[in-house]
Amino acid sequence: MVIPEDVARRAEVLHQTLRYHAYRYYVLDAPEVSDAVYDALFNELKALETQYPELATPDSPTQRVGGALRQEFRRVRHPRPMLSLSNAFSPEELRNWRQRLWKLLPPESQVSYVVEPKIDGLTVVLHYENGHLSLGATRGDGEVGEDITANLRTVHQLPLVIPVRAGVGLPPARLVVRGEAYVAVDDFHAYNAEQQAKEERTYANPRNFAAGSLRQLDPKITAQRPIRLWVYQVVLQEGGTMPTNQWEALAYLRDLGFPVNPANKRFPDDRFAELIEYCLAWEKERHQLPYEADGLVIKVDDFAQQELLGAVAKDPRWAIAYKYPAEEAVTKLLDIVVSVGRTGVLTPKAILEPVHVGGVIVRNATLHNADYIAEKDIRIGDTVVVLRAGEVIPRVVRPLTEMRTGDEQVWKMPDRCPVCGGPVLRLPGEVAYYCMNISCPAQLIRSVEHFASREAMDIRGLGGKQAVLFVEKGLVHDVADIFYLRAEDLLALEGYQEKRVNNLLSAIAVAKERPLYRLITALQMKFVGPTTAQLLVQHYPSVEKLQHVTQEELEAIPGIGPKVASSVVGWFQEPRNLEVLRKLVAAGVRMAETEARTATTSGTSVAGLTFVLTGTLPHLTRSQAKALIVKHGGRVTENVSRKTDYVVVGEAPGSKARKAEELGIPMIAEAGLLALLGESLS
């Protein structure tokens, strides 16, 4: 069969990538990807080799168990191959596995299955001579492991001597067992916390902590680590009565004094449906365990049937690992597209080759922002790791740069809005990019809602529902259209009777005379709220004057920083925003402040004073109180300090009132504030 060039190239990239990550995992105990990511790459290669058998060369990662051995440890050949397991990810795959078994077993066979937790740790092979531990080794490549006897002797759960026990008798002359060394989750987090406090190395996960601890060259270091052990297989036995099945073997190992997991269960074949239900239920239960387990291992119980079934390559036919949906997966990043939110923020989104993650098919994922893409060096065409933890929106975690072919494309944020074509601006100190067009369809509903809100133009009867309705019906294409709504158009809408229409049109007419700072607030310049708007109006009491101010001039105003200045200047540079202003002028909306009002806001007795607000005021909202203070030349800060002149106290004040009392700072109520400002509630 002719192998397509792109398939051969992909297989070679997978070979190199899997070898690299196997070396990081097995030799260095310092993985760069999760097991789920490695499995995904491994399964992709396996699928290619199934389709094109010529790719399955002897040195393929699919033909090997484990990885390279560390040179510092003595080599140990296992008495039998330490095989790994094939995986099932669904009940259907478990049923298919069972059907394959029955095709190889005699029809009259009585079959049972033992289900054991699949512990996420380091496989160890333990040799005993006349009941004494003589050798302990890692699995290594499945045929040859590493002699780590000295380190294993420090594991408290591991019996160094098998005692003579009543009902069991003398231990076998020779016994080889297999188990899993692991670290409990709480112990892992406690160790990492201690290491972080000392600014020393931490481990990525409990499995690698266990592996790294047992492969230390100094056993004294291993002795300080909280290694635990489960034993689950009799590999070889000489002498004594040999168990005939796995269930008996587990009981035998427990009687000999080995730690055996109590969560093991046994199911006869006629209860296979119950076995599947147990696997499904255990997915949630495993998160309550004190150790990490990424699935369950299902084994044919009878040893004679195991021998009959045999193995394929490195996988025994008589056992399978039921693994739960991975929260991470690997797929191709096909494209990066940009969506525009209701506040004008541009958000990049990954378009992916469909992939199963966390039990669902994922076709797109978040990329957060442009800085995240640049920092991670994520490119179009990359093979990427996708994470979906729980119900969280999937996100791209990182690219697998080791799998790049050179065809990948660097991405950058567009300089024009993909919805309206308006200019895109990134403000100083911000990670977000914004569309500056107030009439952009993507943000129009939000713009209308904000324009009519209480802190802006305060148009009674025009809220979120009305904004949606007017935009969807085509009555409003920009915020200025609010002032051009006609009675006959509104009366045609469901639920709009004459009284309601008249009330709304009256509220719109009143809004035309709102103070200028309210209009500036309503125009939705980024980072310009009522307080900042009043500060701007104090210095530039008309829209025309504000329109022609430079960024440097704005930054010279105390309280106006680069971010606000850039936003204001950028807003006036968008032609469609200027068109909205022209329509507002034509509608008769106030575009300048009177000299009398401007003088009032800058020459009162509180000019230059600093206020702090705490508690709930009886009549004013927090934003209204702030606006009044700023209107009269004062400033509002969040924290009480010796520079604070007044603390305005409402109902249920917090620690700010106590701090003011400690510092001897005057505290006034809402009425005192209004008297100080010369304002009233009317």
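The values are calculated or read from the model by the stated rules, or taken from the named source; none is laboratory data. Predicted model, so just to flag it, every value in this text is computed and none were measured. Note that each Cβ is placed from the backbone with ideal geometry, even for glycine, and that neighbours are counted across all protein chains shown.
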Restricted to segment 445-476 and to residues being over 37 Å from the mean Cα position of the chain (by Cα) and under 16 Å from residue 524 (Cα atoms), the residue surrounded by the most Cβ atoms within 10 Å (Cβ to Cβ) is 457
Okay, strands (runs of 3 or more DSSP E) sitting entirely in segment 121-164 with 1 or more residues that are touching a helix residue (DSSP H, G or I) at 6+ places or on another chain (Cβ under 8 Å) and farther than 13 Å from residue 79 by Cα, I get 122-129, 132-138
(1) crowded, with 18+ Cβ neighbours inside 10 Å; (2) under 21 Å from residue 580 (Cα atoms); (3) touching a residue at least 60 places away in the same chain (Cβ under 8 Å); (4) not small (Gly, Ala, Ser) all hold for residue 433 apart from (2)
Restricting attention to segment 144-174, the residues that are of a type in the set (Val, Ile, Thr), over 29 Å from residue 84 (Cβ atoms) and out of contact with any strand residue (DSSP E or B) (no Cβ under 6 Å at 6 or more places or on another chain) number exactly 2
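Can you spot a residue in segment 63-71 that is surrounded by 13 or more Cβ atoms within 10 Å (Cβ to Cβ) and either modelled with pLDDT of 90 or more or outside any loop (DSSP other than H, G, I, E, B) (or both)?
The answer is no, given that none of the residues of segment 63-71 is surrounded by 13 or more Cβ atoms within 10 Å (Cβ to Cβ) and either modelled with pLDDT of 90 or more or outside any loop (DSSP other than H, G, I, E, B) (or both).
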Here, helices (runs of 4 or more DSSP H) confined to segment 529-577 with at least 1 residues that are over 18 Å from residue 451 (Cα atoms), within 37 Å of the chain's Cα centre (by Cα) and of a type outside the set (Gly, Ala, Ser) are 562-572
The number of residues in segment 240-282 that are in contact with a Ser or Thr (Cβ under 8 Å, 6 or more places away or on another chain) and in a helix (DSSP H, G or I) is 2
Report whether or not residue 284 is buried (at least 21 other Cβ atoms within 10 Å of the Cβ) and under 23 Å from residue 35 (Cβ atoms). no
Here the residues within segment 194-237 that are basic (Lys, Arg), touching a residue at least 12 places away in the same chain (Cβ under 8 Å) and not in a helix (DSSP H, G or I) are 215, 225, 228
Selection from segment 492-528 of residues small (Gly, Ala, Ser), more than 38 Å from the chain's Cα centre (by Cα) and crowded, with 19+ Cβ neighbours inside 10 Å yields 511
Checked segment 181-193 for anything small (Gly, Ala, Ser) and outside any helix (DSSP H, G or I); matches are 181, 184
